[in-house]
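Student: For reference, the structure I am asking about is given below.
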Amino acid sequence: MTDDTVELEARLEEQEAFEPPEEFVEQANVSEESIYEEFEEEWPECWERAADLLDWEEGYDTVLDDSNPPFYEWFTGGSLNASANCLDRHLDERGDEAAIEWVGEPVEEENRTYTYEDLHREVNEFAAALTELGVEEDDVVTLYMPMIPELPIAMLACARIGAPHSVVFAGFSADALATRMNAADSEYLVTCDGYYRRGDGLDHLSKANEGLAGVDHDVEAAVVVERLREGDGHGHDLADNQRAYADLVAEHEGATVEPVSRDAEDMLFLMYTSGTTGQPKGVKHTTGGYLAWSAWTSRAVLDVKPEDTYFCSADIGWITGHSYIVYGPLALGTTTMMYEGTPDHPERDRLWEIIEEYEATQLYTAPTAIRAFMKWGTEYPDRHDLSSLRLLGTVGEPINPRAWKWYYKHIGDESCPVVDTWWQTETGGMMVTTLPGVKTMKPGSAGPPLPGVDARVVDTTGEEVEAGRAGYLTVNKPWPGMLRTLYRNDERYIDEYWAEYSDTDSDDPDDWVYFPEDGAKVDDDGYITVLGRVDDVINVSGHRLGTMEIESAIVGVEGVAEAAVVGGDHEVKGEAVYAYVITEDGYEGDEAMRERIVAGVEDAIGPIARPEQVVFTLELPKTRSGKIMRRLLEDIANGEDLGDTSTLRNPDVVEDIQGKVGGD
Ligand code: WTA
């Protein structure tokens, strides 16, 4: 431990509450505590304040239509276009200001600045190109791209012509791409030749092509952005239905495309996320409610102002990047940053270097990243002047108080509020967190629900639990940013999110309660600490993975009879994948097989789901009724005391498995 951390521990360890810095409060977008009461009294009309952040072509008649729960509708009768809200309306005042500051990973790279004018121009040109390729309103366009500017450009071009996008994280495998294109019947793909990781040009197009080969319907067209430089794999041969992005944009130089008028409730995008079954869920977000929610929370929680240079280090392939790199910040007319690569290339100070160079005003990142920074040590941030930062945020997984305090001190210099924001792909944006200009911060606890959000911690019967007791998080009133359904599967939507705590026969909205499948506890001040998922979803480095998806990949490997996957604690990643595998008769669970299993998971999902440990066993611990005891497998992964295992059908197997789980 360095002297610095010793000192930090001594001084901050005991401190459990931190007040918002006065300098911050004085300039905060929201600084009045009274907002909580106002929103309660004015609910649901309070959400007009979020809708007012947008330009509506046609004003809405009703804030909330709750006549058919849980199919709530927001701002009905209103119409707008998301691309016009993120671009056109800023041109007069912000046309020459940077909309996107993009930093490529290679250090010798020419970084790119897109002013609002530039972005507007290219979005129009690409929207014209998409139209020429045959994309029509309501066609789902799949975007399989890494962190390059053409990704937000394609998103906004889709939004402009009313074609919902479905972004597939570039780290996902070819199979994962095919599954998502099939589920959405998507006939168009925008992808790229490759991108840079730790200095190397990575081939992406081969993976995309392999995915396309697995699509079960005709693909009308694929567009390929050429990101790689000469010599790094640039210049692939394109198939007949594939077009180079640069050619398309050049062909439509100077084109303008009128933004299509979309109903508030029309779909803006689909995002596939992991659930309890092997099949990913297509979360549907709308144009009015979602955009209002991402803009409102960007303003109130991230304190985004037009003159800021705001930096979120998430990947746009996940919901955080959708809401808080693209839609929220651009709707507010600010400068949003994008960084292509990893934080340790070429050295472990890359983020701090970027922040210093661009004078970034906010940093929004994940606890996993913060824990890695902590491990690397303070010398890296200490090399740089980070005084431009005004606010810090985290998202994606619980943050332990030590990491929170390290972030607060070593990145924020004790002068930036830290917002720990709880939300999900399904909620569209933040739900539980402190308002940074108003509320005391308590490291480890996300905070109270945002104004107008009715989140509670309840027991299995739906009664609120006492302060300090663990229970389940629920959201008891709808909110504009909520998912509207699972794409083409209303039944699963009800089953997954509502059935647990609702009277599903009722049409009274008071009988409907949203269940995010997280465990939580609440303190005397109403601050919520989110404990983690209570379903079969695990959270590896803030990435949401379904254990069932991983299990089915493993069972698909030759020689595997059965598999159980659980999350085990991991110092940096939060959780890591532990796979317990039973082989078929005649197969040895050896190193070669372990490699096949790891490769099988990478092929089916991607490297993010790679098992940390594969444990071969003759049996899995099961209850007398034959259910696999996952909790026990988790405890084994974590090296915990297992207590009484005598109720198992096969108690002997436990010791056997324990002996095989080694600490890496
Ligand atoms: C977890 C990411 C604790 C939670 C935006 C949730 C968190 C899941 C936090 C959603 C937080 C997210 N504290 N846990 N601040 N934020 N989570 O859909 O389990 O990728 O249900 O959305 O991440 O993950 P998703």
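Student: Tell me whether the range 94-104 contains one or more residues that are part of a helix (DSSP H, G or I) and farther than 24 Å from Leu212 by Cβ.
Tutor: Let us first name the residues in the range 94-104 that are part of a helix (DSSP H, G or I), namely 94.
Adding the requirement that they be farther than 24 Å from Leu212 by Cβ leaves 94.
Scanning the range 94-104, I find at least one residue that is part of a helix (DSSP H, G or I) and farther than 24 Å from Leu212 by Cβ, so the answer is yes.
Student: Look at Arg180 and say whether it is among the basic types (Lys, Arg), crowded, with 22+ Cβ neighbours inside 10 Å and over 27 Å from His345 (Cβ atoms).
Tutor: Values: among the basic types (Lys, Arg): yes; crowded, with 22+ Cβ neighbours inside 10 Å: yes; over 27 Å from His345 (Cβ atoms): yes.
The answer is yes for Arg180.
Student: Follow-up. Can you name the residue in the range 318-339 that is more than 16 Å from the ligand (Cβ to nearest atom) and either in a loop (DSSP other than H, G, I, E, B) or modelled with pLDDT under 95 (or both) and is also surrounded by the fewest Cβ atoms within 10 Å (Cβ to Cβ) among such residues?
Tutor: Per the criteria, the residue is Gly333.
Student: While we're here: For the range 130-147, what are the residues that are surrounded by fewer than 24 Cβ atoms within 10 Å (Cβ to Cβ) and touching a strand residue (DSSP E or B) at 6+ places or on another chain (Cβ under 9 Å)? Walk me through how you get there before you give the answer.
Tutor: Going through the range 130-147, the residues surrounded by fewer than 24 Cβ atoms within 10 Å (Cβ to Cβ) turn out to be 131-140.
Of everything in the range 130-147, those that are surrounded by fewer than 24 Cβ atoms within 10 Å (Cβ to Cβ) and touching a strand residue (DSSP E or B) at 6+ places or on another chain (Cβ under 9 Å) turn out to be Leu133, Gly134, Val135, Glu137, Asp138, Asp139, Val140.
Residue-by-condition table, conditions (1) under 21 Å from Leu133 (Cα atoms); (2) modelled with pLDDT of 95 or more; (3) hydroxyl-bearing (Ser, Thr, Tyr); (4) in a helix (DSSP H, G or I):
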{"position": "Ala154", "(1), (2), (3), (4)": "yes, yes, no, yes"}
{"position": "Ala157", "(1), (2), (3), (4)": "yes, yes, no, yes"}
{"position": "Arg160", "(1), (2), (3), (4)": "yes, yes, no, yes"}
{"position": "Ala163", "(1), (2), (3), (4)": "yes, yes, no, no"}
{"position": "Ala170", "(1), (2), (3), (4)": "no, yes, no, no"}
{"position": "Thr179", "(1), (2), (3), (4)": "no, yes, yes, yes"}
{"position": "Ser186", "(1), (2), (3), (4)": "yes, yes, yes, no"}
{"position": "Leu189", "(1), (2), (3), (4)": "yes, yes, no, no"}
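Student: Here's another thing I want to ask about it. Which one of the conditions (1) in contact with a His (Cβ under 9 Å, 6 or more places away or on another chain); (2) touching a residue at least 40 places away in the same chain (Cβ under 8 Å) does Leu91 fail to meet, given that it meets all the rest?
Tutor: Of (1) in contact with a His (Cβ under 9 Å, 6 or more places away or on another chain); (2) touching a residue at least 40 places away in the same chain (Cβ under 8 Å), only one is false for Leu91: (2).
Student: Could you run through the range 560-617 and say how many residues are assigned to a strand (DSSP E or B), more than 24 Å from the chain's Cα centre (by Cα) and not small (Gly, Ala, Ser)? Spell out the reasoning first.
Tutor: Within the range 560-617, the subset assigned to a strand (DSSP E or B) is 560-570, 574-583, 613-616.
Add one more test, that the residue is more than 24 Å from the chain's Cα centre (by Cα), and what stays is 560-564, 579-583, 613-616.
Now restrict to residues that are not small (Gly, Ala, Ser): 560, 562, 580-583, 613-616.
Within the range 560-617, residues that are assigned to a strand (DSSP E or B), more than 24 Å from the chain's Cα centre (by Cα) and not small (Gly, Ala, Ser) number 10.
Student: Which of (1) farther than 22 Å from Thr421 by Cβ; (2) away from the ligand (no atom under 15 Å from the Cβ) is the odd one out, the single condition Glu500 does not satisfy?
Tutor: For Glu500, the exception is condition (2).
Student: Right, here's the next one. Scan the range 229-271 residue by residue and report those that are under 31 Å from the mean Cα position of the chain (by Cα), in a loop (DSSP other than H, G, I, E, B) and closer than 27 Å to Gly282 by Cα.
Tutor: Result: Pro259, Val260, Ser261, Ala264, Glu265, Asp266.
Student: Does the range 84-102 include one or more residues that are β-branched (Val, Ile, Thr) and more than 30 Å from Ala499 (Cβ to Cβ)? Give the derivation first.
Tutor: Taking the range 84-102 and keeping what is β-branched (Val, Ile, Thr), we get 100.
When the remaining residues are screened for being more than 30 Å from Ala499 (Cβ to Cβ), the result is 100.
Yes, some residue in the range 84-102 is β-branched (Val, Ile, Thr) and more than 30 Å from Ala499 (Cβ to Cβ).
Student: Could you figure out which of (1) closer than 17 Å to Ala604 by Cα; (2) touching a strand residue (DSSP E or B) at 6+ places or on another chain (Cβ under 8 Å) isn't true of Glu558?
Tutor: (2)
Student: Restricting attention to the range 378-433, report how many residues are in a helix (DSSP H, G or I), hydrophobic (A, V, I, L, M, F, W, C) and away from the ligand (no atom under 16 Å from the Cβ). If you could, list the steps in order and put the result at the bottom.
Tutor: So in the range 378-433, the residues in a helix (DSSP H, G or I) come out as 379-382, 401-411.
Narrowing the set further to residues that are hydrophobic (A, V, I, L, M, F, W, C) leaves 403-404, 406, 411.
Subset that is away from the ligand (no atom under 16 Å from the Cβ): 406, 411.
Residues flagged as in a helix (DSSP H, G or I), hydrophobic (A, V, I, L, M, F, W, C) and away from the ligand (no atom under 16 Å from the Cβ) within the range 378-433 amount to 2.
Student: Taking the conditions exactly as written (in contact (Cβ under 8 Å) with a residue 60 or more places away in the chain and closer than 24 Å to Asp518 by Cβ), does Pro367 satisfy them or not? Give the steps one after another, and end with the answer.
Tutor: Numbers: in contact (Cβ under 8 Å) with a residue 60 or more places away in the chain: yes; closer than 24 Å to Asp518 by Cβ: yes.
For Pro367, the condition - in contact (Cβ under 8 Å) with a residue 60 or more places away in the chain and closer than 24 Å to Asp518 by Cβ - is met.
Student: I need the full set of residues from the range 46-87 which are part of a helix (DSSP H, G or I) and either in the same structural domain as Ser506 (by TED's automatic domain parsing) or surrounded by 18 or more Cβ atoms within 10 Å (Cβ to Cβ) (or both), in order please.
Tutor: In the first step, residues of the range 46-87 are kept if they are part of a helix (DSSP H, G or I); the result is 46-51, 82-86.
Trp47, Arg49, Ala50, Ala51, Ala82, Ser83, Ala84, Asn85, Cys86 - these are the residues of the range 46-87 that are part of a helix (DSSP H, G or I) and either in the same structural domain as Ser506 (by TED's automatic domain parsing) or surrounded by 18 or more Cβ atoms within 10 Å (Cβ to Cβ) (or both).
Student: Also, I was wondering about something else. I need the full set of residues from the range 520-557 which are more than 9 Å from the ligand (Cβ to nearest atom), surrounded by fewer than 22 Cβ atoms within 10 Å (Cβ to Cβ) and among the small types (Gly, Ala, Ser), in order please.
Tutor: Within the range 520-557, Gly526, Ser541, Ser552, Gly556 meet the criteria.
Student: Can you find a residue in the range 369-377 that is farther than 25 Å from Ala98 by Cα and among the charged types (D, E, K, R)?
Tutor: Checking the range 369-377: at least one residue is farther than 25 Å from Ala98 by Cα and among the charged types (D, E, K, R).
Student: Follow-up. Tally up the residues in the range 1-18 that are surrounded by 11 or more Cβ atoms within 10 Å (Cβ to Cβ) and either small (Gly, Ala, Ser) or at pLDDT 80 or above (or both), please. Break it down stepwise before answering.
Tutor: The first filter runs over the range 1-18 and keeps only residues surrounded by 11 or more Cβ atoms within 10 Å (Cβ to Cβ), leaving 4-5, 7-9, 11-13, 15-18.
After this cut, where a residue has to be either small (Gly, Ala, Ser) or at pLDDT 80 or above (or both) as well, the list is 12-13, 15-18.
Count: 6.
Student: Scanning for something surrounded by fewer than 20 Cβ atoms within 10 Å (Cβ to Cβ) and touching a helix residue (DSSP H, G or I) at 6+ places or on another chain (Cβ under 9 Å), does the range 100-110 turn up at least one residue?
Tutor: Yes, the range 100-110 contains a residue that is surrounded by fewer than 20 Cβ atoms within 10 Å (Cβ to Cβ) and touching a helix residue (DSSP H, G or I) at 6+ places or on another chain (Cβ under 9 Å).
Student: Being surrounded by fewer than 18 Cβ atoms within 10 Å (Cβ to Cβ) and at pLDDT 95 or above narrows it down to one of Arg596, Arg624, Arg630, so name that one.
Tutor: Details: Arg624 fails: at pLDDT 95 or above; Arg630 fails: at pLDDT 95 or above.
Among Arg596, Arg624, Arg630, only Arg596 is surrounded by fewer than 18 Cβ atoms within 10 Å (Cβ to Cβ) and at pLDDT 95 or above.
Student: Inside the range 191-213, can you point out the residues that are part of a loop (DSSP other than H, G, I, E, B) and loosely packed, with under 14 Cβ neighbours inside 10 Å? Reasoning before the result, please.
Tutor: Going residue by residue through the range 191-213, those that are part of a loop (DSSP other than H, G, I, E, B) are 193, 198-199, 204.
Once the filter is applied, which keeps residues that are part of a loop (DSSP other than H, G, I, E, B) and loosely packed, with under 14 Cβ neighbours inside 10 Å, the range 191-213 yields Arg198, Gly199.
Student: Further question on the same structure: Is it true that Ala127 is buried (at least 23 other Cβ atoms within 10 Å of the Cβ), in contact (Cβ under 8 Å) with a residue 60 or more places away in the chain and more than 29 Å from Asp216 (Cβ to Cβ)? Give the steps one after another, and end with the answer.
Tutor: Values: buried (at least 23 other Cβ atoms within 10 Å of the Cβ): yes; in contact (Cβ under 8 Å) with a residue 60 or more places away in the chain: yes; more than 29 Å from Asp216 (Cβ to Cβ): no.
No: the conditions fail for Ala127.
Student: Give Ala369, Ala314 a once-over and let me know the one that is surrounded by fewer than 23 Cβ atoms within 10 Å (Cβ to Cβ), closer than 21 Å to Val168 by Cα and under 23 Å from the mean Cα position of the chain (by Cα). Walk me through it before giving the result.
Tutor: Numbers: Ala369 fails: closer than 21 Å to Val168 by Cα.
Sole residue among the options that is surrounded by fewer than 23 Cβ atoms within 10 Å (Cβ to Cβ), closer than 21 Å to Val168 by Cα and under 23 Å from the mean Cα position of the chain (by Cα): Ala314.
Student: Residues being more than 16 Å from the ligand (Cβ to nearest atom), farther than 15 Å from Asp454 by Cα and acidic (Asp, Glu): count how many of those fall in the range 506-519.
Tutor: The number of residues fulfilling the criteria is 2.
Student: Right, another one. Just wondering, is there one or more residues in the range 603-618 that are surrounded by fewer than 16 Cβ atoms within 10 Å (Cβ to Cβ), in contact (Cβ under 8 Å) with a residue 24 or more places away in the chain and more than 30 Å from Gly542 (Cα to Cα)?
Tutor: Filtering the range 603-618 down to residues surrounded by fewer than 16 Cβ atoms within 10 Å (Cβ to Cβ) leaves 607, 618.
So of that shortlist, the ones also in contact (Cβ under 8 Å) with a residue 24 or more places away in the chain come out as 607, 618.
After this cut, where a residue has to be more than 30 Å from Gly542 (Cα to Cα) as well, the list is 618.
Looking for residues that are surrounded by fewer than 16 Cβ atoms within 10 Å (Cβ to Cβ), in contact (Cβ under 8 Å) with a residue 24 or more places away in the chain and more than 30 Å from Gly542 (Cα to Cα), one finds at least one in the range 603-618, hence yes.
The values are calculated or read from the model by the stated rules, or taken from the named source; none is laboratory data. Remember, predicted model here, so these are calculated numbers, not experimental data. No Cβ is skipped: glycine too gets one built from the backbone with ideal geometry, and neighbour counts run over all protein chains shown.
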